[in-house]
1. Could you count how many residues in segment 333-373 are out of contact with any Gly (no Cβ under 6 Å at 6 or more places or on another chain) and either of a type in the set (A, V, I, L, M) or not in a loop (DSSP other than H, G, I, E, B) (or both)?
2. Go over the candidates Leu242, Leu250 one by one and state the one that is without any contact (Cβ under 8 Å) to a residue 40 or more places away in the chain, within 17 Å of Glu212 (Cα to Cα) and either outside any strand (DSSP E or B) or open to solvent by 10 Å² or more (accessible area, probe 1.4 Å) (or both).
3. One residue is enough: does segment 128-139 have a residue meeting the conditions without any contact (Cβ under 8 Å) to a residue 24 or more places away in the chain and surrounded by fewer than 24 Cβ atoms within 10 Å (Cβ to Cβ)?
4. Given the criterion surrounded by fewer than 17 Cβ atoms within 10 Å (Cβ to Cβ) and either assigned to a loop (DSSP other than H, G, I, E, B) or free of Cβ contacts under 8 Å to residues at least 40 places away in the same chain (or both), identify the matching residue among Glu193, Glu178.
5. From Gly317, Gly285, grab the single residue that is in contact (Cβ under 8 Å) with a residue 60 or more places away in the chain, within 21 Å of Leu71 (Cα to Cα), assigned by TED's automatic domain parsing to the domain that holds Pro162 and open to solvent by less than 20 Å² (accessible area, probe 1.4 Å).
6. Has segment 82-90 got at least one residue that is in contact (Cβ under 8 Å) with a residue 60 or more places away in the chain and away from ligand 1 (no atom under 16 Å from the Cβ)?
7. Look at segment 288-310 and say how many of its residues are open to solvent by less than 20 Å² (accessible area, probe 1.4 Å) and under 17 Å from Gly256 (Cα atoms).
Amino acid sequence: MELLLTNARVVTMEPGATGYQLLENQFIAINGGTITHIAEQSGLANLRAVEVINCRSRLVTPGLIDCHTHLVFAGSRANEFDQRLKGVPYTEISQQGGGILATVRATREASEPELVELALPRLDGLIRSGVTSVEIKSGYGLSVDDELKMLRAAKALASKRPINITTTLLAAHAVPPEYHGRADDYITLVCEELIPAVAKQKLATSVDVFCESIGFHLEQTEKVFQAAVRHGLKVKGHTEQLSNLGGTALTARYNGLSADHLEYLDKAGVTALAGTDTVATLLPGAFYFLKETQKPPVPWLREQKVPMAVATDFNPGTSPFADIGLMMNMACTLFGLTPEEALRGVTVNAAKALGEDNIRGQLAPGFAADLCLWNVSDPTELSYQVGLPLLRQRIVNGEVCDD
Ligand code: NIG
Ligand code: FE
């Protein structure tokens, strides 16, 4: 054995189970980056390991997964925060060429190494809160070269910190200025040039679309989804964030990994998700920061057994919060999730939102050895306290991190 954790209080996050199913006095054996055994301490007798961590009854959970971020970008939007506090709506700022397009201008000017440097402190914030896997979207380049540059920068972060990185092409985030009034032509560029290039260079595993009045309408979204499927990429949607266009049902129809935001999702949309493999990803940071009042339909999602993920949506405009624990807290206080649902939302269900639920998000033999050892013993503490040093140690792919 390479690594052995002893005396652990384990939450495995087995899918479908109810309650935390806390296991006391466990050992976890890790070899080759994978969990090989989890069992009662009493069965440990003949296992030897190179390194042993005595958990002293502290909590061990799967490493946390932030399944929706826009971590790579340049510039700041603090000025827009000022504007919005004075009452100017997000949509109006966006229509005036601010919002996403302000970040596009700064990101286009930045080099790939600069984008990597700028993303590191954001990534470190997530790491401090227990994140071992993060999804990063493009979407502030909006040209072939700049979108590819963003995706390469996102992937390069994996060599700078011990963390798993998944990348998503979000070229259909906004209409770039040079395509003003020609959104369909831009969609053609996304479908005929960007998606094929990204698939060929293996720069992303999925494709996302901002399906919204200030983004792209349903037909444009479907064209992008069709191109993604043609090139063997999975789809995701920013859907029903500011209005109800039906993007969630479309995402489910294309066997999407996840439909994200969902504040304006109606009952028909929830029914469209029910029984599919598409995860409902809730982003309470954006809800809070935009001072939104319409909540995602959590009781209906729960009733229809739609798996719910929770993520930071870290971005400069609507969610500048690099702390997954804060999102768990907000998911409970703002959206009414239980702390157990919040923990499922950043582990097993977040893994499903990345199409990685067969290898991550749970503690079980055969799964990647991504774990968090916490300074607390009760899993509810993870949603309850924010900003305290709750995390003791991260283990990523069997490596003990020196964070
Ligand atoms: O997830 N909704 C669209 N995209 C981001 C916001 C991007 C921005 O404002 O820069 C989001 O909230
Ligand atoms: Fe987003």
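The values are calculated or read from the model by the stated rules, or taken from the named source; none is laboratory data. Model, not experiment: these values are computed from the prediction. Heads up, the Cβs are rebuilt from the backbone with ideal geometry, glycines too, and the neighbour counts pull from every protein chain shown. Side chains included, ligands, DNA and RNA excluded: accessible areas come from the protein's heavy atoms. Shrake-Rupley method; radii C 1.70, N 1.55, O 1.52, S 1.80 Å.
1. Matching residues across segment 333-373 total 22.
2. On inspection, the qualifying residue turns out to be Leu250.
3. no
4. Glu178
5. Gly317
6. no
7. 5
Each row is one residue, and each column tells you yes or no for (1) within 15 Å of ligand 2 (Cβ to nearest atom); (2) surrounded by fewer than 21 Cβ atoms within 10 Å (Cβ to Cβ); (3) at pLDDT 95 or above.
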{"residue": "Tyr90", "(1), (2), (3)": "yes, no, no"}
{"residue": "Gln95", "(1), (2), (3)": "no, yes, no"}
{"residue": "Ala106", "(1), (2), (3)": "no, yes, yes"}
{"residue": "Ser143", "(1), (2), (3)": "no, yes, yes"}
